[in-house]
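Report on the following structure.
Nothing in this text is a laboratory measurement; each read-out follows from the coordinates by a stated rule. Note that the structure is a prediction, hence the values are computed from the model and not measured. Because the Cβ atoms are built from the backbone with ideal geometry, glycine has one as well, and the counts that use them run over all protein chains shown.
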Amino acid sequence: MKDVEKTNVERKNSGKRMRRRRRNMNLYAVVVIVLVLTIGVTMSYTFMFNIEQVHISQISEMYDENTIFQASGVNIGDNLLRLNTKKSADRILDELLYVETAEVNRKFPSSLEIDVTFCVPAFNVEYSGGFLVVSKLGKILEQNTFQTDGLPTISGLEPVTTELGEMISTESEHKNEAFSEIIESIALGDKSNISAIDLSDEFAIIINYTSGMVFKMGNWNDADYKMNLAENVMSEPSVNGKKGYITMIGTNQCSFRTNDEPVGVIGEEPETPTGADGKPINPDIREEVNPEQEAIFSQYNERVNGTTATTTATENYNYIDDYNNDYDGDYQQWDDNMYNQW
C-alpha cells in the first residue's frame, strides 16, 4: 500500500477572506455595543433613576413640605434624568410668593433635594399708589396704602412694576444699581437704625437714621464702605447722641455738622462733585438747606452737651490719617483705627 501524501492547497483569496471576517467581527462588536447602550439608556430613562424620596431643606408655617413639593411640578416616580431642575425651581418661585430662593438638585439613584429660603419683609418702597413691601432681595410681597412699621422706607425709586412676586426695578439703570448696592449693604450687616433712604437723585443719596442723623452719602459707589464709615462717625464720643448732618467728603472722609451747608476737604478748593458717569451732581439738590431742621438739631444738641452749641461746628474724620498717625504695628490696632472695608 502506498503512503498517502497530504498536500495543503492555499487559495489565493484566503487573505481576503480573513480580512473580511475580521471586518464582520468588528461590525458585530459595534452592533452589540450600540444595542447594549440603547438598552441601558432606555432603562435609565424609564425603569431606573425614578424619584422615590424628596428632601426639602426648610418649611414654614405658611408652606409645608407637600405645598413646596407640589409647587415644583415634580411627582413621585418621575425620572431624574428627564427632570428640568431649573424649570422646577422657577415654578416654586412663581407659585409661592414668600419663597425668596429655590434650588432643585438630583441625588442619584432615586432622591430629589429642594433647597428653599423664605422672604423676610425688609423695605417699604414708596410709589404713586402707596407703598410696596419688598424682601431683602427686592421681591415685591405686598401693596399697601400705608408704611409698614419697623421697615426703612425707600423713596424716589419710581418702580416700573408693582405686581406681587416680581422683582422691583426702575427704568433708570443707575437707580437700579444704586438700589442694589444699598439693599446689599443693608443685608450684609445690622442696619436696623436706618429709617429712610432717598434715591430721588442717585448721585446724591440721602439716608436718615432713627437717631435723627442725616447722612449725605453722594453716589452709590462703595455704598457699604460709606455706610460703615458714617456709623463709625456716629459712634465717636464727640458725636454720639447728637443730631445733625454727616456728609461724605472725597472718598475716605466724613464731616459732621449741625447745619446743612456745603462742605469740602480742608485746605483744598471745593470742586463740583460728579456722579459715576462723570456728570456734575445737581447743586440745588446737593446744597439744599432746611433752617427749621437745623434749629431742631442745634436745640437738641445743646441739651445733649449741656452747653450752647454752634450750628457752624464741623468735625472731620479721616480714618486714613488716623491709621497713619496711630498705627504701631499691632494688627488689632490697625483694625480699630482704619474703619475701612478693604
Amide H of I194 versus every other amide H placed in the peptide plane: which residues, excluding those fewer than 5 positions away on the same chain, fall under 5 Å?
T210
Rounded, prolate or oblate: which fits region 136-223, taking a ≥ b ≥ c as square roots of the Cα gyration tensor eigenvalues, rounded meaning a/c under 1.5, else prolate when a/b beats b/c?
oblate
When ranked by the protection proxy of mean other Cβ atoms within 10 Å per residue, highest first, what sequence do the peptides 166-173, 92-99 form?
92-99, 166-173
For the table K86/K175; K107/K136; K136/K175; K107/K139; K136/K226; K86/K107, the rows whose alpha-carbon distance is greater than 22 Å are K86/K175; K107/K136; K107/K139
Taking a ≥ b ≥ c as the square roots of the Cα gyration tensor eigenvalues, with a/c under 1.5 meaning rounded and otherwise prolate when a/b beats b/c, else oblate, which class fits region 53-118?
prolate
Total formal charge among the other residues, if their Cβ is under 12 angstrom from that of S57, Lys/Arg +1 and Asp/Glu -1
-4
